[in-house]
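The values are calculated or read from the model by the stated rules, or taken from the named source; none is laboratory data. Everything numeric in this text was worked out from a predicted model, so none of it was measured. Note that we place each Cβ from the backbone using ideal geometry, even for glycine, and neighbour counts take in every protein chain shown.
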Amino acid sequence: MRTLTTVLGRAGRDPEMRYTPAGKAVTNLSVAADVGFGTNKKTVWFRVTFWEKLAEVVNQYVGKGDTVYIEGELVPDENGGPRIWTKQDGTPSASFELNAQTFRFTGGKKESYPPASPDIGDGDNMPF
């Protein structure tokens, strides 16, 4: 069963790109999404993985603090859920891993975006 998820949030740091031994580009990005309002507002963190051409585009054009829209498949840990741990202050925390399929620029340094369509992913929407 696939769990598709949509995330609108901010890049928590600059993307990190590497290549697999087979030569495929892989970019990792931490994205923070706010849930709730006022005193009930919490931040949920997503570890997002981008592959191949999408990985290269995200690495080139996204920076810390940029607002991004991502659609992808939620990847459970070995227990079937999010990665859960206890923070130094004793409060519980969790993060979620997402394999990105679609990416859209929604804010940030627009002058640095590629001149093609802002929708990237899903193969059919690739501007290249």
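The set of residues in the range 1-18 being exposed (fewer than 11 other Cβ atoms within 10 Å of the Cβ) and either at pLDDT 95 or above or charged (D, E, K, R) (or both) consists of ARG2 alone. Among the criteria (1) more than 14 Å from the chain's Cα centre (by Cα); (2) within 25 Å of ARG2 (Cβ to Cβ), the one GLY90 does not fulfil is (2). Yes or no: GLY23 on the phi > 0 side of the Ramachandran plot and either surrounded by 12 or more Cβ atoms within 10 Å (Cβ to Cβ) or not in a helix (DSSP H, G or I) (or both)? Considered against the rule, which asks whether it is on the phi > 0 side of the Ramachandran plot and either surrounded by 12 or more Cβ atoms within 10 Å (Cβ to Cβ) or not in a helix (DSSP H, G or I) (or both), GLY23 comes out as yes.
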